[in-house]
Amino acid sequence: MMSEVLTMAEIQSQFDSEWVLVGDPHTDESLQVQSGHVIYHSKDRDEVYRKAIELRPKRFAMLKHCRFRFALSGNPLRVLDASRDGIIELFISPRLLEELEDVLSRKEIRHTA
């Protein structure tokens, strides 16, 4: 885990086209990550999920950066929009991490990711 706080610009330039697990993310009023500690990164999304399950960080964000633009659309984008609008609140817990671990261990998930 990197100990220094990196800005989004630094994360984007260092980890282009990778999934990034950011610990203790600092966000703006619209919940956009502005900076944080890079805990782990990989081109393989499942590796980053497994690392999150292994480390169980208290506060984190998972980002995918592609050519200076984070790829987010469909239902994930709708969830973020609802959170920004105050319709829902996003949070993580040990139980949710256990559920994520269970889902990722399923045969059909491992073969399609």
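Taken together, the values in this text are just the output of simple stated rules run on the coordinates, not laboratory data. Just so it is clear, the structure is predicted and the values come from calculations on it, not from any experiment. Cβ atoms come from the backbone with ideal geometry, glycine included; neighbour counts cover every protein chain shown.
Summary of values
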{"item": "Packing rank of 55-61, 94-100, 45-51, where each peptide gets the mean count of other beta carbons within 10 Å, highest leading", "result": "45-51, 55-61, 94-100"}
{"item": "Spacing of the two label points (7 Å from each Cα toward its C-beta) at GLU4 and SER35, in nm", "result": "1.2"}
{"item": "Chain lengthening between GLU98 and ALA82 when straightened (0.36 nm per residue, less Cα-Cα)", "result": "3.3 nm"}
{"item": "Simple Cβ-charge dipole of the range 6-112, Lys/Arg +1 and Asp/Glu -1, about Cα centre, in debye nearest 20", "result": "240"}
{"item": "Using θ = phi - 60° and Karplus 6.51 cos²θ - 1.76 cosθ + 1.60, couplings along the range 4-20 (whole Hz; Gly, Pro as x)", "result": "7, 7, 10, 7, 4, 4, 5, 4, 4, 6, 8, 10, 4, 6, 10, 7, 10"}
{"item": "Karplus (6.51, -1.76, 1.60) ³J(HN,Hα), θ = phi - 60°, over the range 82-95, in Hz, Gly and Pro reported as x", "result": "5, 5, 4, 7, x, 6, 10, 10, 9, 7, 10, 8, x, 5"}
{"item": "J(HN,Hα) series, the range 99-106, from Karplus relation 6.51 cos²θ - 1.76 cosθ + 1.60, nearest Hz, glycine and proline x", "result": "5, 4, 4, 4, 4, 5, 7, 5"}
{"item": "Computed lengthening from LYS107 to ARG59, 0.36 nm per intervening residue step minus Cα-Cα distance", "result": "14.4 nm"}
{"item": "For the range 6-112: relative contact order, % (alpha-carbon pairs under 8 angstrom, 6 or more apart)", "result": "27"}
{"item": "R0 of 22 Å, Cβ-Cβ distance GLU89-ASP28: FRET efficiency to nearest 0.05", "result": "0.85"}
